[in-house]
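The values are calculated or read from the model by the stated rules, or taken from the named source; none is laboratory data. This is a predicted model, so every value here is computed, not measured. A quick note on method: Cβ atoms are made from the backbone with ideal geometry, for glycine too, and the neighbour counts reach across all protein chains shown. To get the accessible areas, we keep the full protein, side chains included, count just its heavy atoms, and leave off ligands, DNA and RNA. Shrake-Rupley method; radii C 1.70, N 1.55, O 1.52, S 1.80 Å.
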Amino acid sequence: MNTYVQDQVDALKDKGNESFRQQDFSTAVAHYASAIELAEANGIDAVQIHSNRSVALLRLGETQAGDGMARQTFRRAIEEADKVIALHPQWNKGYFRKAEVHFAMRDFKQAEASYQKALELMPGDEHVKMRLEESRQAISGFLFKQLLCGRDVAVKPQNVVEQQVFGFASQMANFMYLVGDAATSECLVVDAAWDVPGILKVVRNLNLKLVGAVVTHYHFDHTGGRPPAPFDTLGITVSGIKDLADAGLPVYINSADADAVVKNNGVPRESMTILNHGESISVGRVKLSCLHTPGHTPGSMCLHIDGSTECGTCDGVGMLIAGDTLFKGSCGRLDLPDCDCDQMYNSLQATLGKLDDRVVVYPGHNYGGDKTTIGAERRAGLLRPMTQVQW
């Protein structure tokens, strides 16, 4: 191999990678094209560069949402993914790239087929498994995405303050959720904090329209605002629901935590919609029902998403976004000023204990796992039958 030519190819690829990091996707596409042309003219394997060009075209197409050019750009991204598959048919990356483009185009059945092939080639790839499940949910009309701090958002600090905030966010391991109707492309965000610009970027990349924010409880790691000591010494403010309220989005919260959000976050009361036990929010055909589960805070609530509707979830039994009420094998802290152990006992045993064993539970933090089920917690967790004395 001519090392001089290889160095030129690598230099062009590096320029493409740098442009991609700077989100200058059009320039990245051009640099990758030059690298591919030079590589293939000299018999150099260009499969990785085709893969990079596919994702750059995908991101470029996402920036053109609503523009007539977007679909054409997505088609070019698929062509690059097909070249990856042709050159290395046993590498799952080509199928994954193709699936991501189909998902962005809202062709969920084609996305499912490509994710499935990618998973067959690399069965242990957890990210592909997650995307495959999301494509299947989207086919049903249900849209759901779990976001983890340090993995999906709060990952690329732009300054010293963000470096501090994002580092703390990764330690806290908060989950946030996008929930909505794939047919209308409308969604709600649950517990938006730490990196609102990053959350909004995910929303844009999925070609969704954010129509509101839901708060499971008032603590700053779920709402943003000033962190507690000792993390407040630098005068840092965490982005959160105030940013979304300022953008004109409604904020849904239980009445018992509303005053704290007004005081701590500066969210105007007129931006809030109060949710009490048994009340619900609808996004298209998807309904989220409020279950008031006090204990961790007075207004803590879980969101139960019914699986029996037209947009069925989790094989028809539904799911629960639990905030800090229930984790795998544990519950939220009960040693803070307005926690109440007796109320938490009732929330777990009387309220959540009534749910079907098959309901999938998505917690507010990655403490012990990204999900569990009501049945698993009834067998070995805090939903197992116990008296208040035993509790």
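Below are the figures for this structure:
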| quantity | calculated |
| --- | --- |
| Measure of compaction for region 110-230 (Cα Rg per 2.2 N^0.38 Å) | 1.16 |
| Apportionment of accessible area to carbon and sulfur, region 113-229, percent (1.4 Å) | 55 percent |
| Cβ crowding within 10 Å averaged over residues, with 135-145, 333-343 ranked highest first | 135-145, 333-343 |
| Lys/Arg +1, Asp/Glu -1 at C-beta; region 39-83 dipole; positive extreme among Leu57, Ile44, Gln72 | Gln72 |
| Nearest-ten-degree value, helix 69-87 long axis tilted from longest Cα axis of the chain | 70 degrees |
| Per-residue ³J(HN,Hα) for region 179-190, Karplus 6.51 cos²θ - 1.76 cosθ + 1.60, θ = phi - 60°, Hz, x for Gly and Pro | 9, x, 10, 5, 6, 8, 6, 8, 8, 10, 10, 10 |
| Long-range HN-HN contacts of Val361 with modeled amide H, under 5 Å | Leu320, Thr372, Thr373, Ile374 |
| Part-to-part distance (alpha-carbon centres) for region 103-144 and region 197-232, which is given in Å | 26 Å |
| Accessible carbon and sulfur surface of region 1-91 relative to its total accessible area, %, 1.4 Å | 48 percent |
| Net charge contributed by nearby residues that have their C-beta within less than 11 Å of Gly180 (K/R +1, D/E -1) | +1 |
| Integer Hz, Karplus 6.51/-1.76/1.60 couplings in order for region 41-49, x for Gly and Pro | 5, 10, x, 9, 4, 10, 4, 5, 6 |
| Pairwise centroid distance, computed over Cα atoms, of region 278-304 with region 1-36, Å | 49 Å |
| Centre separation in Å (Cα based) which lies between region 333-380 and region 163-183 | 20 Å |
| Highest-first arrangement of 318-327, 362-371, where packing means the average Cβ count within 10 Å | 318-327, 362-371 |
| Rounded accessible area per residue of region 178-336, 1.4 Å, Å² | 36 Å² |
| Computed [θ] at 222 nm, helices only, for the chain once each DSSP H run of length n ≥ 4 contributes -39500 (n - 2.57) | -13500 deg cm²/dmol |
| When the chain is reduced to its Cα atoms, the Kirkwood hydrodynamic radius in Å | 22.5 Å |
| Helix 3-21 axis, angle to the chain major axis (alpha carbon atoms, nearest 10°) | 30 degrees |
| Where N is the number of residues in region 24-178, Cα Rg divided by 2.2 N^0.38 Å | 1.15 |
| Per-selection Rg to Rh, region 180-336 - Cα, Kirkwood hydrodynamic radius | 0.96 |
| Between 0 and 90°, nearest 10: helix 108-121 axis offset from the chain longest Cα axis | 80 degrees |
| Volume per residue of the C-alpha convex hull in region 110-176, rounded to whole Å³ | 106 Å³ |
